[in-house]
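Below is one structure, written out as structure tokens; the observations come after it.
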Ligand code: OFO
């Protein structure tokens with residue numbers, strides 16, 4: 001694999017682990033804020049982010065490349081409200097989408113068609129990540145300060161469970 005592309009893959013692995021840390025921190029804050037369902041949702045998202053990182057890692061190993069693991073930045077630990085959490089989820093996922101798009105452009109520029117095809121799963125996944133965050137922002141805005149609506153929404157988020165994603169091309 002082209003060295004620049006390999007570096008970008010390593011950076012993306014670091015970003016996915018940072019995403020995992022960010023969601024774990026959100027889960028911690030939401031739990032303390034008395035929103036166990038939203039805490040569960042973000043904990044499941046933490047598990048998903050670990051899977052995103054691990055599948056990139058496994059792909060590089062499958063390509064017989066050495067993965068450069070880097071220091072993971074410390075995530076924020078406080079938010080103003082549950083709505084603020086999900087606004088931050090959306091803005092964070094937009095950054096990740098831009099990063100995945102850049103990585104895919106690097107693969108195209110390097111004429112690494114195998115990497116480009118592998119990354120298609122991540123490109124589609126980012127559409128879902130942003131859609132989920134937008135949907136939750138919309139719902140929490142509708143709930144406003146109504147305790148019954150917030151409780152109902154929180155109990156819906158408590159039902160989310162982790163299903164390990166199947167990412168084609170990791171061997
Ligand atoms: Fe890995 O998709 Fe979110 O960050």
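Read the figures in this text as sums done on the coordinates, not as results from a lab. These numbers come from a predicted model, not from an experiment. Please note: Cβ atoms are built from the backbone with ideal geometry, for glycine as well, and neighbour counts cover all protein chains shown.
Some values worked out for this structure:
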read-out: Anisotropy class of the range 42-83 from Cα gyration tensor, a/c 1.5 cut; value: oblate
read-out: Residue-averaged [θ]222 nm for the chain, counting only DSSP H segments that reach four residues, each worth -39500 (n - 2.57); value: -26500 deg cm²/dmol
read-out: Extension reserve of the residue 117-residue 145 stretch, reckoned as 0.36 nm per residue once the Cα distance is removed; value: 5.6 nm
read-out: Sequence ranges 91-98, 80-87, ranked by mean other-Cβ count within 10 angstrom, highest first; value: 80-87, 91-98
read-out: Taking the range 35-144 and dividing mean pair separation by its residue count, relative contact order in percent (alpha carbons under 8 Å, at least six apart); value: 27 percent
read-out: Among 146, 14, 102, residue whose mean-square fluctuation peaks in a GNM of the chain (springs only between Cα atoms under 10 Å); value: 146
read-out: Prolate/oblate/rounded call for the chain, Cα gyration tensor, a/c under 1.5 rounded; value: prolate
